[in-house]
1. I'm trying to understand the selection: among the residues of the stretch 254-275, which are surrounded by 12 or more Cβ atoms within 10 Å (Cβ to Cβ), closer than 30 Å to Thr191 by Cα and modelled with pLDDT of 90 or more?
2. Just to verify a result, which residue in the stretch 209-228, among those that are surrounded by fewer than 17 Cβ atoms within 10 Å (Cβ to Cβ) and within 20 Å of the chain's Cα centre (by Cα), is nearest to Ala186 (Cα to Cα)?
3. Given (1) in the same structural domain as Thr191 (by TED's automatic domain parsing); (2) surrounded by 19 or more Cβ atoms within 10 Å (Cβ to Cβ); (3) not small (Gly, Ala, Ser), identify the lone condition not met by Thr278.
4. Quick one: which of Thr243, Thr191 is surrounded by fewer than 12 Cβ atoms within 10 Å (Cβ to Cβ), hydroxyl-bearing (Ser, Thr, Tyr) and under 15 Å from Leu170 (Cβ atoms)?
5. Only residues in the stretch 128-153 that are at negative phi and aromatic (Phe, Trp, Tyr) count as the first member; pair them with residues that are in a helix (DSSP H, G or I) and surrounded by 17 or more Cβ atoms within 10 Å (Cβ to Cβ), Cβ under 6 angstrom, at least 6 apart or cross-chain, and list the lot.
6. Conditions first: (1) more than 15 Å from Glu349 (Cα to Cα); (2) assigned to a helix (DSSP H, G or I). Ala286 passes all but one, so which condition is the exception?
7. Could you please let me know if Asp219 is over 30 Å from Arg371 (Cα atoms) and either of a type in the set (Phe, Trp, Tyr) or not in a helix (DSSP H, G or I) (or both)?
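The values are calculated or read from the model by the stated rules, or taken from the named source; none is laboratory data. In this text the structure is predicted, and so the values were computed from the model without any measurement. Please note: Cβ atoms are built from the backbone with ideal geometry, for glycine as well, and neighbour counts cover all protein chains shown.
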Amino acid sequence: MTRLTSLPLAIALSLMLAAPAPAQGLFAPQVIVNGHAITGWEVQQRIQFLTLLRAPGDVSKVALDGLIEDRLREEAARQAGITAQDAQIEQGMQEFAQRANLDADQFIAQLEANGVARETFRDFVTAGILWRQVVQQRYSGTITINDADIDRAVEASGTSANVSLLLSELILPAPPGQETQALRAAEDIATRVGAGESFAEFARQYSASPSAPNGGAIDWTPVSKLPPALRSVFLALEPGQVTQPLEIPNAVALFQLRDITETAPTQAPMQIDYATFTLPAAPDTAGRLAQIQARADTCDDLYAAARATAPEALQRQTVPVAQLPADLAQPLSQLDNAESVILNRGGAEMLAMVCTRSPIQDDPVSRDQIRAQLMNQELSSLADVYLAQLRDNAIIRKP
């Protein structure tokens, strides 16, 4: 029995020993990153994977750079005690596959049919998941998005509702952890288009959007239908110009403005959130209101003064600007957010403060959504800097 069971093993060993040198060299280290090897097989697999994804640029260089950065991401995760659970990885693979309108098993089957192993796809997704957790753990507690930041983004959405844009789009996939590579590719494309190359050709070749066969061209789009955070970006362009790379969920986007039309330069209807603090006329009323005004940097600060004086003295409301009382409309129109004025109104002294202004929209602006967008932008910037530092400090060598 022993001699029979050992025969297949002997045959397998003899075949391995007889394997040609190039096959053995495929699994030899090509680059070593802080003591962790990247094999020739991994490089070839990543090249094939990126080729199937129609990644722009020098695919061989992008593949090796990506694997080097993955090693750095994985090392940072180990040092932080961070691991990726199987359920997280499976979900990440599923989300990636859904961008191709496939489930994970269908996507993997297509990869394998084109010579890309399941493990290559899994490793690619895992590195991104680890890096996202590293960045969250390291930086999420250091970023503050305040109401003023959100107010500026909301006010930027109040651009003319009568403007429409003719745009072309180019969407590059950027799964978690691979944002830097996608950003670099997008920056290269933007530079080359600025130098005279065709945006439409790049879109046809590399874009993951359904508009790719049309060179990225999309129909006329009213500015009012665009995300509030993007309106000022598009309106700053001249026809023919391209945006800087814009990070969107799991992708990086470039847009080219082809044309713009405007029926009238009217401002979208606005609403105003304002507060009034009213005290009966008395010799010291103006002085008391001046003290409250000096201590109040925002409308929220007025609540403490009201509790200490008279809660009914403070009124706060949000109304369309057109519906403001006539005696308040003019003085409030002179104020910016968080600015205030002391008025005599109907025999009483009043402190009036503008809290915020915002456009009136059919789809109300979600401040939580804008806060999340701004937070993600900050995290992405910090992640890029951290990864660059890791690479600068790494020992990267060929064996």
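1. Leu254, Phe255, Gln256, Leu257, Arg258
2. The qualifying residue nearest to Ala186 (Cα to Cα) is Pro227.
3. Status for Thr278: all satisfied but (1).
4. Being surrounded by fewer than 12 Cβ atoms within 10 Å (Cβ to Cβ), hydroxyl-bearing (Ser, Thr, Tyr) and under 15 Å from Leu170 (Cβ atoms) holds for just one of Thr243, Thr191, which is Thr191.
5. If the second residue must be in a helix (DSSP H, G or I) and surrounded by 17 or more Cβ atoms within 10 Å (Cβ to Cβ), the pairs left are Trp131/Arg73; Tyr139/Leu379.
6. Ala286 satisfies all of (1) more than 15 Å from Glu349 (Cα to Cα); (2) assigned to a helix (DSSP H, G or I) except (1).
7. no
Quick grid of which residues meet (1) in contact with a helix residue (DSSP H, G or I) (Cβ under 6 Å, 6 or more places away or on another chain); (2) small (Gly, Ala, Ser); (3) modelled with pLDDT of 90 or more; (4) more than 23 Å from Ala97 (Cα to Cα):
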residue	(1), (2), (3), (4)
Thr5	no, no, no, yes
Pro8	no, no, no, yes
Ala23	no, yes, no, yes
Leu50	yes, no, no, no
